[in-house]
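The values are calculated or read from the model by the stated rules, or taken from the named source; none is laboratory data. All values reported here derive from a predicted model rather than from experimental measurement. Note: ideal-geometry Cβ built from the backbone for every residue, glycine included; neighbour counts use all protein chains shown. Areas reflect the complete protein model, heavy atoms only, side chains present, ligands, DNA and RNA absent. Shrake-Rupley method; radii C 1.70, N 1.55, O 1.52, S 1.80 Å.
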Amino acid sequence: MVSHQIVSAASDDAGMPYYEVSDTELGPGASLGNGHCWVNTGTDGRILTFFSTDVGQEIAGPLMVRYATSDVRITAAAESRCGQRADVPLAPVGAGRFQIHPAYQSHIFELPGALHVQETVFVPHAPEGDPADTSVAYYVVEVTNRAEVAQSLSAYAFTRFAGNRRTPVIVADYDPGSATIFAAEEGQPEWVRWMTVTREVAAHGVTSDFGGFYDTDTIPALRDETGATGDVLGYLETHLNLRPGETERFAFLLGFTPEGRQDAEREAAQLRDFEAVLEGTRDLLAEKLSRCRVMTPDPVINEGVCWAKVNMLRVLAHYPQGVSFTNEPGVSSNVVARDVAWFVYGCDHFLPRASRELLNALVDAQYESGKIPEYYDARTGEVEDYGLNINDATPLFVLALNHHCRSTGDFDYLEKVYDSAAAASEYILSQRDERGLVFCDAEGVEVWGICSWRNVIPNYRINGAVTEVNAECAAALRAMGHMARNIGRDEDYEHFYGAAEELTDAINTHLLDQERRQYLLNIDPQGRRHTDFTADELFPVLFRVAEEDVAFRIIRRLNSPDFWAEAGLRTCSRLDPMYHPVKYVGLRGGVWPGLTWWFAFAAARYHPEFMVRGLHAAYAHYNRHPRVYNTVPGQFSEWCDGESLVNRGMRLSPWEPPRFLWAAVEGVCGIMVSPAEPGIRPLIPPDWKWTAAVNVPYHGDTITAFAARRDGELHVYANVDFQEAGAKHVLAHNLTDRITVGHAGMHPVALKDDGHLIVAVGSCHEAAMTTPLDLSGVLEEGADYSLREYSSERSDWNSPEQGTGSDFARLALRLEPRGYHLLDFTFD
């Protein structure tokens, strides 16, 4: 188990990761999403909100479970206060703990009388078309009687059916055959919520008596009544009689369909087998998380890559306009073009099919002029550009298309979308001024006057010739040239690539402060030169517009203490007169993780250690002290106060995880996409000896590679041919998933070719460790092998050893702290 102060990281029996934290140390609970719904959980484990992506509304919530017993006698005075027979509420005793898993969140605690409880909340992940691919949340309850006497108790679940709907009139009824409450809304009769339990129902009902459910002295006996209408609670009660040592496990379900009562009845009947649905969810997530694995000597970065993928899977949903994610899950249905573009950069290495659908939606949303809107509505398809003639959306769209086509190698697709990319590029060219700079003529403020990524700063403008947008446009035109060349359109290549060079020259002529050797923020429409040095200086470096000496100076300056906080990079310096850690939505001094990872990638070729620092710092902050910093372990929150480092944004930001994944794959592992074989040029700091990537999608197949510092150079072992940066070793067959190591934090790679097998194991432990290694899945029992071993600790090979597959099937390897070991087998 790897400790992160308050939070511990571990793996379950199937190797799936999870975090564990005391319930006294957790702030908000986890956010869970699937293709049709989004759930936020609370500090006590309850379902706070239940949002339907099908209709773009918070449709129900909260859903809570309480416990009570009639085994102890309540006083007559207490019964007289509530006017009827009442049970005694059971509240948790002492501190419990949360387990936050890719598939679920569990709250584990004790009730009086040695009753051990585990509550697990999850939403199903299932293949498209599967009955479980729908809007439903499960609240699984497991109660174990650890006392030496039999005990009885009741579990009550209650939910508010209105969600955040205004002045709702909910009308509900109970179906005894399915033990389900169905609730519809006047004015929206096809929008049906439903609630059921997988055990026998002792009582059911619908009530407007909200206060009766949180009395700390008594819980009144519930009546089977469903006559209440309006803003109501639905409730279900079940009784448990537990012998000593006995466990009961059951689930409450909360579901929604916009397709009417018949569809709701079908779902309620089909989805009761919660164990099968949970197992299917775990299996599907395990399969998806097996893709794009990044392993390094830094366990925090390794965890970050895994949980970045988890977060991406949670936010992707099936909207009427196709698979997408919104700028604020559980609140909005708006899909922001810049967010889509940056999502694609990471998603191409994980779920390229989802990238394709995201890009297709932007193609559909494109204006006739070629411009890309700021956002489109995922439900209606309506678009909005805030009246801006140009912003970052159009160039980022072109860049994302280029990245996707190079990553997938699908140039038939490029042929289909080429006209859209070319139209966007021509639109960029049409927005140049007499200096040759792309120019935003907006005169408003905030989203109506800022054409950069920081577009929600109140009462502020970043308009005119903006360095960030011009750098993106230069890179987009360059990318458009590459796309033209990839499908044989040489004249277009000359046109767009030449335009990219012209724009780059214009940027370095007009937007570069020649004395300071740094870029202006912008030259506004009145000709004023804004010299603010903000983190936006990254963009000319990131998009290869800056000359090498300027780029180096920018990276060095941004690595200064006035920009850096423990959680990552501030948007501007603490010395800036406009600095404020919270005001301006954190965009004039807050810490934005995604910005930190842009920095990490931009810094990699100058200072790989800066890249590692950026990736490590921003992700580690999520797990450092959740209650203090308002974060959730494993969950990529949006931005934090530049001083206190408390999260002030979304608890799960959809645009942060893919940037982390992109920086890890293309920066740390150095996997660079191209029209042909990939580049593999890991950019690792001097104190790292190895890094690895497994099952990274590329050109319809996958890349697995292990890079090791050996004999004074970087040796890369991979299952595909690649553009080398050091010594190249290609073994075509990836057998990594057929070997096992005995310790978490030991990361193996196995590659095989004719007569040759390489097994590499890297450690991320801070201490020397011996680990068992099972090779029975890759060695033939009776075959003869010659084995050489290389240890990073000794920096040398041992003498060859002869033996059979059975001799070498189970070995013990000693690895130095954060070191690696190579096994080089040859055979006939």
What is the P(r) of the range 416-564, as percent of Cα-Cα pairs per 5 Å bin from 0? 2, 10, 18, 20, 18, 15, 10, 5, 2, 0
Pairwise centroid distance, computed over Cα atoms, of the range 106-126 with the range 639-708, Å: 35 Å
What shape does the range 694-828 have by the C-alpha gyration tensor, where a ≥ b ≥ c are the square roots of the eigenvalues, rounded means a/c under 1.5, and otherwise prolate means a/b greater than b/c and oblate the rest? rounded
If a paramagnetic tag sat 7 Å from the Cα of residue 416 along the Cα-Cβ line, which residues of the range 311-348 would have the backbone N under 15 Å from that point? 322-323
Return one number: the angle in degrees, 0 to 90 and rounded to the nearest 10, between the long axis of the Cα atoms of helix 490-506 and the longest principal axis of the Cα atoms of the chain. 90 degrees
To the nearest 20 Debye, how big is the dipole of the range 642-701 about its Cα centre, given +1 on the beta carbon of each Lys and Arg and -1 on that of each Asp and Glu? 180 debye
Leaving out ligands, DNA and RNA, what percent of the accessible area of the chain is carbon and sulfur, probe 1.4 Å? 46 percent
For the chain the mean separation of alpha carbon contacts under 8 Å (6+ apart) over residue count, i.e. relative contact order in percent, is 10 percent
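Do any GluC sites (Glu not before Pro) in the range 169-214 lie in a DSSP loop with no more than 15 other beta carbon atoms within 10 Å, and if so, which? Show your work: numbers first, answer last.
Working: sites: 185, 186, 190, 200; in loops: 186, 200.
Of the GluC sites (Glu not before Pro), the ones in loops of the range 169-214 whose Cβ has at most 15 other Cβ atoms within 10 Å are 186, 200.
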Crossing angle, helix 548-558 versus the chain [Cα axis fit, 0-90 degrees, rounded to tens]: 30 degrees
Area of residue 661 that stays accessible when all protein chains are in place (1.4 Å probe, Å², to 10): 0 Å²
So what is the accessible area of the chain per residue, in Å², with the probe set to 1.4 Å? 36 Å²
Taking the convex hull of the alpha-carbon atoms of the range 364-422 and averaging its shadow over every direction gives an area in square nanometres of 4.4 nm²
Nearest 10, in degrees from 0 to 90: the angle of helix 261-270 to the longest Cα principal axis of the chain is 90 degrees
To the nearest 20 Debye, how big is the dipole of the range 349-492 about its Cα centre, given +1 on the beta carbon of each Lys and Arg and -1 on that of each Asp and Glu? 480 debye
Keeping all protein chains in place and using 1.4 angstrom, which order do 583, 752, 371 fall into by accessible surface area, from largest down? 583, 752, 371
Tell me, what is a quarter of the convex hull surface for the C-alpha atoms of the range 277-422, in nm² with one decimal? 10.3 nm²
What is the extension gain from residue 798 to residue 547, computed as 0.36 nm multiplied by their sequence separation minus the C-alpha to C-alpha distance, in nm to one decimal? 85.7 nm
Residue-level accessible surface for residue 672, protein heavy atoms, 1.4 Å, Å²: 70 Å²
Length added when fully stretched, residue 225-residue 776, from 0.36 nm per residue minus Cα-Cα: 192.1 nm
Cα gyration tensor of the range 239-283, axes a ≥ b ≥ c as square roots of the eigenvalues: rounded (a/c below 1.5), prolate (a/b > b/c) or oblate? oblate
How much mean residue ellipticity at 222 nm does the chain get from its helices, if each DSSP H run of length 4 or more adds -39500 (n - 2.57) and you divide by all residues, to the nearest 500 deg cm²/dmol? -8000 deg cm²/dmol
For a quick check of your reading of the filter: which trypsin sites (Lys or Arg not before Pro) in the range 84-186 sit in a DSSP loop and have no more than 13 other Cβ atoms within 10 Å? 85, 166
To the nearest 10 Å², what's residue 54's accessible area with a 1.4 Å probe? 40 Å²
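So if each residue of separation counts as 0.36 nm, and I subtract the Cα-Cα distance between residue 628 and residue 448, what length gain in nm does that give?
61.3 nm
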I need the shape label for the range 176-276. Rule: rounded when a/c is under 1.5, else prolate if a/b > b/c, else oblate, with a, b, c from the alpha carbon gyration tensor. oblate
Rounded to the nearest 0.05, FRET efficiency between residue 148 and residue 91 (Cβ-Cβ, R0 22 Å) equals 0.50
If I model a spin label as a point 7 Å beyond the Cα along the Cα-Cβ vector, how far apart are those points for residue 248 and residue 188 in nm? 3.5 nm
GluC sites (Glu not before Pro), restricted to the range 417-478: which are DSSP loop and have at most 11 other Cβ atoms within 10 Å? 434
Report the residues of the range 642-667 in range of a label on residue 566: point 7 Å along Cα→C-beta, backbone N strictly under 14 Å from it. 642-647
Bounding extents of the chain in its principal axis frame from Cα atoms, largest first in Å, are 86, 77, 50
Along principal axes, Cα extents of the range 552-634, largest first, whole Å: 38, 31, 17
Could you give the nm distance between label points at residue 756 and residue 173, where each point is 7 Å from its Cα heading toward the beta carbon? 7.4 nm
Using +1 at the C-beta of Lys and Arg and -1 at the C-beta of Asp and Glu, which of 804, 734, 764 has the Cα lying farthest in the positive direction of the dipole of the range 708-828? 764
